[in-house]
């Protein structure tokens, strides 16, 4: 998807974005805790969430961590960042910029180097992942960590068949992303985490109709409605239960010798 179309997609979702991602009361604390654990975050770290959206997970990380300096919420959609409020919470600082802007040092930031950065489900929007991830890796301080969180190449979501097929066609391979981080000079580790989702079927159908996943924006209104009809037939149960599985790809810059 072109950057202009991508920004338009997320600008349109901004007002209802948090509602679409609120799977249940335990989901956001669970994911935020896994992010903090994987990155070994401390309150003194200089931290950035790249592709933060409305900062749904960043807010929870900040609540758990109580950072000594603001976590940067970086996203190209100003409409998404507007959800932080005016003024934003003291623990969070919105920055309207893309991952490419950060990697190419085109954005003004309060920190030149970072101790920890993460990209959650946004790396597939990057036009040149190898170059952008290298640029982000170069912004890590000695011992700094970069975490890429992404869906695996195949998913078990109760979507319609054409959507699942298109997802597999477009989704990058986590092993390739790990290779990019290794090529950027980072020590890497790839692991998977999983969380069971239980969502009211009608709520989930509404999320699909609203195109809560960017892959759904590649379908027309008619194709979405046909897909929803297919989903209704395949899933008559009132509550959908399915695994949400993620690849956690961690890159760490080796500590410099004293």
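The values are calculated or read from the model by the stated rules, or taken from the named source; none is laboratory data. Since the model is a prediction, treat every value here as computed from it, not as a measurement. Cβ coordinates were reconstructed from backbone atoms using ideal geometry, including for glycine residues, and neighbour counts include every protein chain displayed.
Of the residues in region 35-48, not one is within 24 Å of residue 116 (Cβ to Cβ), at pLDDT below 90 and out of contact with any strand residue (DSSP E or B) (no Cβ under 7 Å at 6 or more places or on another chain).
For every residue, the table says whether it meets (1) crowded, with 18+ Cβ neighbours inside 10 Å; (2) out of contact with any helix residue (DSSP H, G or I) (no Cβ under 6 Å at 6 or more places or on another chain); (3) in a helix (DSSP H, G or I).
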{"site": "62", "(1), (2), (3)": "yes, yes, yes"}
{"site": "101", "(1), (2), (3)": "yes, yes, yes"}
{"site": "153", "(1), (2), (3)": "no, yes, no"}
{"site": "165", "(1), (2), (3)": "no, yes, yes"}
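Filtering region 133-141 for residues that are assigned to a strand (DSSP E or B), touching a strand residue (DSSP E or B) at 6+ places or on another chain (Cβ under 8 Å) and surrounded by 15 or more Cβ atoms within 10 Å (Cβ to Cβ) leaves a non-empty set.
Count of region 64-75 residues, restricted to those that are in a helix (DSSP H, G or I) and either over 23 Å from residue 113 (Cβ atoms) or out of contact with any helix residue (DSSP H, G or I) (no Cβ under 8 Å at 6 or more places or on another chain) (or both), is 1.
Annotation note: of 189, 139, 105, the sole residue that is modelled with pLDDT of 95 or more, over 17 Å from the mean Cα position of the chain (by Cα) and on the phi > 0 side of the Ramachandran plot is 105.
Checking each residue in region 175-186 for being in a helix (DSSP H, G or I) and either modelled with pLDDT under 95 or buried (at least 18 other Cβ atoms within 10 Å of the Cβ) (or both) picks out 177, 178, 180, 181. In the set 253, 211, 201, only one residue is modelled with pLDDT of 95 or more, surrounded by 16 or more Cβ atoms within 10 Å (Cβ to Cβ) and closer than 27 Å to residue 30 by Cβ; that residue is 201. Only one entry of 157, 204, 212 meets the criterion of being part of a helix (DSSP H, G or I) and either in contact (Cβ under 8 Å) with a residue 24 or more places away in the chain or more than 24 Å from residue 48 (Cβ to Cβ) (or both), and that entry is 204.
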